[in-house]
Amino acid sequence: EIPMDLVLFDSNHRYLLINKIAINNDETREWLIGKNDYDYCKKHNKPKIIADERRQSFDEVIRTKQTIEWQETLIRNNQEQYLLRKLSPILNVEGNVEFIIGYGIDITKQKETELALNKAIKMAEENVKTKSQFLSTMSHEIRTPLNAVIGISHILMKRDQTEEQMKYLNSLHFSAQNLLNLINNIL
């Protein structure tokens, strides 16, 4: 058995063949032969938009005579199920669409992984932004008093000082300047 939804339509979008993966219920599957998605949606109280979207895709295959692919989200057992759908035309000898084969592959796990990955990427980007904002704030908060220490020590060094005071001021000025350079290099 093929592990995907598989259906065969006539050129009027009526089901001709449906495998068990597409519709597990034998009675429903047999009932649907010769009918279309609108009939199915009506009988099972499904939103008409599902049939509208499928019909739109079907009509595009008829018009272009090309395979088309799209993702479809369904609610089954109160959970989202993601399917990769394809419709491919089968042309007769005159080149007209006689049948269309449709299939759907369940990509729910891949989609959930993709959604989790996107969420993780967004969180990482937010973390980087938060880190950047923190570093910017810390840079400002550290540099402001350091610049004051450097400035005041520079002013004091221009005044008459004892040799011992000048030694301490040079040491203070040198240390503050090195600390500022270190912070600039880190940030």
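Points worth noting:
- Among the residues of segment 13-44, just one is in contact (Cβ under 8 Å) with a residue 24 or more places away in the chain and surrounded by fewer than 16 Cβ atoms within 10 Å (Cβ to Cβ), namely LEU16.
- Inclusion of LYS111 among residues that are under 19 Å from the mean Cα position of the chain (by Cα), surrounded by 13 or more Cβ atoms within 10 Å (Cβ to Cβ) and outside any strand (DSSP E or B) is warranted.
- Which numbered condition VAL93 fails, given (1) modelled with pLDDT of 95 or more; (2) surrounded by 10 or more Cβ atoms within 10 Å (Cβ to Cβ): (2)
- All positions within segment 83-94 that are touching a residue at least 24 places away in the same chain (Cβ under 8 Å) and more than 17 Å from ASP10 (Cβ to Cβ): LEU83, ARG85
- Enumeration of residues in segment 119-153 that are of a type in the set (Phe, Trp, Tyr) and in contact with a His (Cβ under 6 Å, 6 or more places away or on another chain): none
- Residue count, segment 161-175 (criterion: exposed (fewer than 13 other Cβ atoms within 10 Å of the Cβ) and part of a helix (DSSP H, G or I)): 5
- The residue that is nearest to the chain's Cα centre (by Cα), counting only those in segment 137-160 that are open to solvent by less than 80 Å² (accessible area, probe 1.4 Å) and of a type in the set (A, V, I, L, M, F, W, C), is MET138.
- Pair list, Cβ under 9 Å, 6 or more apart: segment 67-82 residue without any contact (Cβ under 8 Å) to a residue 12 or more places away in the chain, other residue open to solvent by less than 90 Å² (accessible area, probe 1.4 Å) and in a strand (DSSP E or B): THR73/GLN81; THR73/TYR82; THR73/LEU83; ILE75/GLN81
- Against the test of being closer than 30 Å to ILE23 by Cα, at pLDDT 90 or above and among the basic types (Lys, Arg), the options LYS167, LYS109 yield a single qualifying residue, LYS109.
- In segment 46-76, the residues that are of a type in the set (Phe, Trp, Tyr) and open to solvent by 40 Å² or more (accessible area, probe 1.4 Å): TRP70
- Residues of segment 77-89 that are under 18 Å from ASN19 (Cα atoms) and either exposed (fewer than 11 other Cβ atoms within 10 Å of the Cβ) or β-branched (Val, Ile, Thr) (or both): none at all.
The values are calculated or read from the model by the stated rules, or taken from the named source; none is laboratory data. Here the structure is a predicted model, which is why all the values come from computation and not from measurement. For neighbour counting, all protein chains shown are included, and Cβ atoms are generated from backbone atoms with ideal geometry for every residue, glycine included. To get the accessible areas, we keep the full protein, side chains included, count just its heavy atoms, and leave off ligands, DNA and RNA. Shrake-Rupley method; radii C 1.70, N 1.55, O 1.52, S 1.80 Å.
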